[in-house]
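Colleague: Pasting a structure here, questions to come.
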Amino acid sequence: MIFRKFKETDKETIKEMMKVFYASPAVSTNGSNEIFETDIAACLDKNSILEGFAFEEVGEIIGYSMTYKGFSTEMGKECVWIEDLYIKEEWRHKGIGGKFLEYLKETYKGLVLKLEVETENEAALSVYKKHGFKLLPYHVMRT
């Protein structure tokens, strides 16, 4: 299993996975082609704060994630937000999500990792808790 940054040649594969992910109950919005293309372009832009990671197994992209750095005033240090974490259905339940979380912990050693998860997504909640994430007692809001 290789976790690597997005390449220009990954765009269509990642966009197809985003369509599946954003149509699932794991996400509260459906996204759009325009948003998907903007997100991928930001991941490919070396000056962007958004990073895209492809999960590659034997030359096939089987999943992806997007992250960005921020600052947690609550913790008094930099943090990394995990925006998307998607694994193709046939590759789920093989420990890939957990391996990616451990990869992020090592890559961003000492930084706080944060993410959002739908409360109904029990499988994801279980993985996140197993890897040290804790539910916080407040809600995320947006305009």
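Colleague: Where does each of 66, 141 land when they are ordered by accessible area, with a 1.4 Å probe and the largest first?
Modeller: Putting 66, 141 in descending order of accessible area: 141, 66.
Colleague: Right, another one. Solvent-accessible area of residue 34, probe 1.4 Å, all protein chains present, reported in Å² to the nearest ten, please.
Modeller: Its accessible surface works out to 140 Å², give or take rounding.
Colleague: Give me the dipole magnitude in Debye, nearest 20, for the chain about the Cα centre, with unit charges on the beta carbon: positive for Lys and Arg, negative for Asp and Glu.
Modeller: 580
Colleague: Provide 103, 128, 64 ordered by accessible surface of protein heavy atoms (probe 1.4 Å), highest first.
Modeller: Most to least solvent-accessible, the answer reads 103, 128, 64.
Colleague: Can I ask one more? Which of the DSSP-defined H helices in the chain satisfy a minimum axial length of 27 Å, computed from C-alpha atoms, and a minimum mean Kyte-Doolittle hydropathy of 1.6? Present the calculation step by step, with values, prior to reporting the outcome.
Modeller: Numbers: long enough: none.
Length and hydropathy pass: none found.
Colleague: Keeping every protein chain in place, order 4, 142 by accessible area at 1.4 Å, biggest value first, i.e. largest first.
Modeller: Ranked from most to least accessible, the order is 142, 4.
Colleague: Assigning unit charges at the beta carbon (Lys, Arg +1; Asp, Glu -1) and nothing else, what dipole magnitude in debye, to the nearest 20, does segment 60-108 show about its Cα centre?
Modeller: With Lys and Arg at +1 and Asp and Glu at -1, about 120 debye.
Colleague: Can you give the calculated 222 nm mean residue ellipticity of the chain, where each DSSP H run of n ≥ 4 adds -39,500 (n - 2.57) and the sum is split over every residue, rounded to the nearest 500 deg cm²/dmol?
Modeller: Helix contribution divided over all residues of the chain: -9500 deg cm²/dmol.
Colleague: Continuing with this model, one more query. If I take every Cα pair under 8 Å that is 6 or more residues apart in the chain, average their sequence separation and divide by the length, what percent do I get for the relative contact order?
Modeller: In percent, rounded to a whole number, it is 20.
Colleague: Could I ask something else about it? Please compute the modelled spin-label separation between residue 138 and residue 126, points set 7 Å along Cα→Cβ, answer in nm with one decimal.
Modeller: 3.1
The values are calculated or read from the model by the stated rules, or taken from the named source; none is laboratory data. Everything quoted here is computed from the prediction, not taken from an experiment. Backbone-built Cβ (ideal geometry, glycine too); neighbour counts: all protein chains shown. Surface areas here come from the heavy atoms of the whole protein model, side chains and all, with no ligands, DNA or RNA. Shrake-Rupley method; radii C 1.70, N 1.55, O 1.52, S 1.80 Å.
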